[in-house]
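In what follows, a single structure is set out as structure tokens and then discussed.
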Amino acid sequence: MIVQLRVDERLIHGQVVTAWSRALDVNNLLVANDEIIHDELRVKMLLMTAPAGKRVHIKSVDETIKLLSDPRADKMRILLIVDNPKDAVRLTEALHIEHVNVANYRKKKSQNKVVIHGYCSADPEDLEYFKKLAEITPDIFTQMLPTVAREDFRELLKKAKPEN
């Protein structure tokens, strides 16, 4: 079962390994990314981040959809992680994901970006993907750590402002 899909350009890092994997009581961290699977060094680095008692998997988006479409995946508790809104939309449409946490998405260099919240900005293309994600996801929010209040991502989208 996919407990949560997290959009975070950093993929697996301290917050995910410690706070989120514990708070969500997951036993698997699954990174879905078509580019990273071709970078052996990054794959090895991500696999090394596995917290005790948790498994880390790195798959392409298509492999992830196939893997999580198998009924046996319902017996696992999975934190699914992507680094962009386009992949989040693909996965949510294919797998009917209910809970999406748009956490950290700022690095992409592009023109005409808008700030959605303190840790999320988007160019026009990404903004359209975030809007689509908000349309198809029952529960979409932003929450950097489990100990801070979650914010409704749909409301944040409505208030998005041009980046200065």
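Couple of notes before you dig in:
- Filtered residues of segment 108-130 (kept if within 22 Å of Leu80 (Cβ to Cβ), out of contact with any Ser or Thr (no Cβ under 9 Å at 6 or more places or on another chain) and not hydrophobic (A, V, I, L, M, F, W, C)): Glu128, Tyr129
- Single residue of segment 1-32 satisfying the filter (touching a helix residue (DSSP H, G or I) at 6+ places or on another chain (Cβ under 7 Å) and assigned to a loop (DSSP other than H, G, I, E, B)) that is modelled with the lowest pLDDT: Ile12
- Residue selected from segment 59-96 under the condition within 11 Å of the chain's Cα centre (by Cα) and outside any helix (DSSP H, G or I), by the criterion surrounded by the fewest Cβ atoms within 10 Å (Cβ to Cβ): Asn84
- Residues being assigned to a strand (DSSP E or B) and more than 13 Å from Glu9 (Cβ to Cβ) - total across segment 102-138: 4
- Close pairs from segment 139-157: first farther than 23 Å from Pro124 by Cβ and part of a loop (DSSP other than H, G, I, E, B), partner of a type in the set (Ser, Thr, Tyr) and at pLDDT below 95, Cβ under 7 Å, at least 6 apart: Met144/Tyr119
- Segment 1-55 - residue that is within 15 Å of Ala88 (Cα to Cα) and acidic (Asp, Glu) and, of those, surrounded by the fewest Cβ atoms within 10 Å (Cβ to Cβ): Glu35
- Here Tyr119 qualifies as of a type in the set (Phe, Trp, Tyr) and surrounded by fewer than 17 Cβ atoms within 10 Å (Cβ to Cβ).
The values are calculated or read from the model by the stated rules, or taken from the named source; none is laboratory data. From a predicted model like this one, the values you see are computed outputs, not experimental measurements. Backbone-built Cβ (ideal geometry, glycine too); neighbour counts: all protein chains shown.
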